[in-house]
1. Quick check on region A:250-269: of everything there that is within 14 Å of chain B (Cβ to nearest Cβ) and open to solvent by less than 20 Å² (accessible area, probe 1.4 Å), which residue is nearest to A:Ala288 (Cα to Cα)?
2. Between a first residue in region B:4-15 that is charged (D, E, K, R) and a second residue that is surrounded by 13 or more Cβ atoms within 10 Å (Cβ to Cβ) and part of a helix (DSSP H, G or I), which pairs have beta carbons less than 8 Å apart while being 6 or more apart in sequence or on different chains?
3. Could you go through region C:274-281 and let me know if any residue there is touching a Ser or Thr at 6+ places or on another chain (Cβ under 9 Å), of a type in the set (Gly, Ala, Ser) and either farther than 30 Å from A:Glu306 by Cα or within 11 Å of chain B (Cβ to nearest Cβ) (or both).
4. Within region A:164-181, take every residue that is among the charged types (D, E, K, R) and within 12 Å of another protein chain (Cβ to nearest Cβ) and give me the one that is surrounded by the most Cβ atoms within 10 Å (Cβ to Cβ).
5. Consider region A:192-227. How many of its residues are under 21 Å from A:Asp160 (Cβ atoms) and of a type outside the set (S, T, N, Q)?
6. Taking the condition of being under 21 Å from C:Trp247 (Cβ atoms), within 12 Å of another protein chain (Cβ to nearest Cβ) and free of Cβ contacts under 8 Å to residues at least 40 places away in the same chain, how many residues in region A:230-244 meet it?
7. Which numbered condition trips up A:Asn100, out of (1) more than 23 Å from the chain's Cα centre (by Cα); (2) at pLDDT 95 or above?
8. Those residues that are more than 11 Å from every other protein chain (Cβ to nearest Cβ) and either in a strand (DSSP E or B) or over 23 Å from the mean Cα position of the chain (by Cα) (or both), I need them from region C:104-130; list them, please.
Amino acid sequence: MRLPNPIPLTQIAKMINAEIIGNPDTLVTGINEIHKVVEGDLMFVDVAKYFKKAFQSAATFIIINERVEPPKGKHLLLCDNPFEAYNSLTKHFSPTIPLNVSISDSANIHPTARLEPGVVVGHQVTIGAGTWVRANTVIYDHTVIGADVLIHANSVIGADAFYYKKTNDNWEKWHTCGRVVIEDNVEIGACCTIDKGVSGDTIIGAGSKLDNQVHVGHGVVIGRNCLIAAQVGIAGKTILEDGVKLWGQVGVAARLHIGADAQVYAQSGVSRNLAGGQAYFGSPAIPATEWFSDYRAAKRLPREVEKLKKS
Amino acid sequence: MRLPNPIPLTQIAKMINAEIIGNPDTLVTGINEIHKVVEGDLMFVDVAKYFKKAFQSAATFIIINERVEPPKGKHLLLCDNPFEAYNSLTKHFSPTIPLNVSISDSANIHPTARLEPGVVVGHQVTIGAGTWVRANTVIYDHTVIGADVLIHANSVIGADAFYYKKTNDNWEKWHTCGRVVIEDNVEIGACCTIDKGVSGDTIIGAGSKLDNQVHVGHGVVIGRNCLIAAQVGIAGKTILEDGVKLWGQVGVAARLHIGADAQVYAQSGVSRNLAGGQAYFGSPAIPATEWFSDYRAAKRLPREVEKLKKS
Amino acid sequence: MRLPNPIPLTQIAKMINAEIIGNPDTLVTGINEIHKVVEGDLMFVDVAKYFKKAFQSAATFIIINERVEPPKGKHLLLCDNPFEAYNSLTKHFSPTIPLNVSISDSANIHPTARLEPGVVVGHQVTIGAGTWVRANTVIYDHTVIGADVLIHANSVIGADAFYYKKTNDNWEKWHTCGRVVIEDNVEIGACCTIDKGVSGDTIIGAGSKLDNQVHVGHGVVIGRNCLIAAQVGIAGKTILEDGVKLWGQVGVAARLHIGADAQVYAQSGVSRNLAGGQAYFGSPAIPATEWFSDYRAAKRLPREVEKLKKS
């Protein structure tokens, strides 16, 4: 997430009761996970084996639980529980506030947009011209919806990331402070769920069409003019380039990359990056031609082995 | 879709700015896709390789983009963009009108039907005697629900078909003008989605029971007393005869036919027509006995090949 | 289900017009299916081949359709249609009453709990301190929700069991009279569905986290600190011990037992009991190491057979 305005490092340190190792006269401009950090961002690390990765990241500020020498250009915030400190900051700068009314006063809804009965719109949501949200759909805080978007009934846009940190036997929740951004001319089916990014944006590219009961995880980026059939699930942070087609009930694992115009046949399970322009099938998904040739070979094999046994 | 009353061909031609090739003194009685046309219907064709199929169809009127001789008994409407012309006609005769109230004034709801809080009922919906619609379910325009039906909470009945035409890189939406028809004694679970037919009806046969999170695509026809378990998805225009059982998370591809009393085990993916009275398994689904025998053979094979290598 | 207070057997017999074979001066304390009965409970049996199982169960009272000698300590209620009689009793003692208001007057909601717009809360629901129910979620009658639970938008807690009895060609519904119990610190995603037990409880253990579009069937018991990813479906009466992880789109069949800390990879289909502490994959799911070794062997096999054919 971007901070509303740059915050002095000393102020951040005070909020989380941390010691500054580095230059206190600097300004923090954003807070992000390691995968998403840019210059000026604050992140956290609490396991020694990830220190190196953190120090090589683009982050300028790192909350850490060990007294070490900061790399050049980086500043550390030393405290006991970096995760808790990080979560308290994202909660402070992007709190989740319960809704008391169906349409928040802070929502910015274009006069030509149509919201049907039962639609709930959270704080600071933006809805563009000509967009139509059908009955009982719920749009969480900070969602940005472009023009001429159609969202069918009972969908949920912007629920929290399914993202937890294991501490002892418990699952501690990462506070979600990202957004959902839906570009122009997108259509979203009924009973879909599109989660916010943990600290960045989940994006549905212009002209893409989602069927019913599609689940899009936190921080997923879908390109332009993609076609996503019913009951597909896409796990967190996966990227689909333009023109990708996922047929019914396909599942895509987290943090993957699917190239432009790739096509994945129904019920496949994508567990690796896929090159664009090809068709895939199976769970795990492989090139469809390979899958069908494997399948035919497997069907033939028992008879061939029988023959060999007799020869 | 049936037109509310027969419309002179000259009037239709004027609406889409088309030239009549054939007899202008005829009446159009319906508008449909090629798969659904009957005598008196209007359809469109815009690719030369499908002209023959269109001319052999039951349609009486064909919007077309090439000046050709009409076959006997057929009349052509010549224009530049038949798809756009077709879509503008279905939109004109069956417009989708946003709801301003939870229960449309034009809905025809039997006095013994019960609608719980948050239920939304669209224009010209019919709901029969003793039917119970639980909280926050949304019923789109023109849906017909019989007697003694139970629909659980947060389901969506009658959302648009997921049906697009590719033009350049964009997906142009076919306007949905069909309906959903739910017969007597059906039970539909929570968070289900049942889409309208594109131009015909999606039908759920009497006595059939659907579990939660079931998706039924546009124009699907489900017979009587079928059992559809949770998270099943059935793609567009597939037909299930009576007594079919689909277990959890089964997916069925589009335009298929499943025979009476067929049973498909959990998570299977149906990619072909299935004969009735048998059990199926796998993705793609094959007869269950064959699947299990293949599976056992495949498990045995590596050891047998090892033995052969040693002999 | 437990009866609100013990009921004399004579009164029960009168309600269902049955003849008592046994001691009429006894008290019925609960009504349950055969899998769930404890001493004092009433159950039914209507097929001779299950009489023995019924007589060996813990039930004290059995509705039956054949005049037989009751086993020691058991009392029979003889009537023509035991299933109908049983269903009429559960309906009588635990009727499903349509909601006229969004929040039932009989709901017991802690003052610190927050319910967003569009939330519907049924009769005799309990909601604990600090619990937050997001917009348009529907909670059916008798649900018990603990403290600090978060339920996202458009979920449905406590819909009816998908549980029918075949009579001729029809599916007769078992009346659902169980509950859903959600313990403290649980998080439930958007568009989830958690069904009531048929006559017992569906339980989500403390600290467990469910992603979006998860389906939990009737009578399922989920332990503490489980992690259930998006679009998972768990069929009726299955038990998950503590710390189980099910990844996206996993399906679990009915009446199974999954041991503590077992982990099931995405899209797997669990068709048998799984021992705890291991990872599983495939449909049907087997130990993941076995699955991958089978997969590699199958990939190698055609080439090996070719070699053998040439040798």
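1. Among them, the one singled out is A:Val264.
2. Cβ pairs passing all conditions: none.
3. To start, the set of residues in region C:274-281 that are touching a Ser or Thr at 6+ places or on another chain (Cβ under 9 Å) comprises C:278-281.
Next, from what is left, pick out any that are of a type in the set (Gly, Ala, Ser): C:279.
Still in the running and either farther than 30 Å from A:Glu306 by Cα or within 11 Å of chain B (Cβ to nearest Cβ) (or both): C:279.
Within region C:274-281, one or more residues are touching a Ser or Thr at 6+ places or on another chain (Cβ under 9 Å), of a type in the set (Gly, Ala, Ser) and either farther than 30 Å from A:Glu306 by Cα or within 11 Å of chain B (Cβ to nearest Cβ) (or both).
4. To start, the set of residues in region A:164-181 that are among the charged types (D, E, K, R) comprises A:165-166, A:169, A:172-173, A:179.
From what's left, within 12 Å of another protein chain (Cβ to nearest Cβ): A:165-166, A:169, A:172-173.
On the way: A:Lys165: 14, A:Lys166: 11, A:Asp169: 11, A:Glu172: 13, A:Lys173: 17.
Across region A:164-181, the extreme among qualifying residues is A:Lys173.
5. 20
6. So the answer is 6.
7. Result: A:Asn100 fails condition (2) only.
8. C:Asp105, C:Ser106, C:Asn108, C:Ile109, C:His110, C:Pro111, C:Thr112, C:Thr126, C:Ile127, C:Ala129, C:Gly130
The values are calculated or read from the model by the stated rules, or taken from the named source; none is laboratory data. Owing to the predicted nature of the structure, the values given are computational and were not obtained by experimental measurement. In this analysis, Cβ positions are derived from the backbone assuming ideal geometry, glycine residues included, and neighbour counts consider all displayed protein chains. Side chains are part of the model used for accessible areas, which takes the heavy atoms of the whole protein and leaves out ligands, DNA and RNA. Shrake-Rupley method; radii C 1.70, N 1.55, O 1.52, S 1.80 Å.
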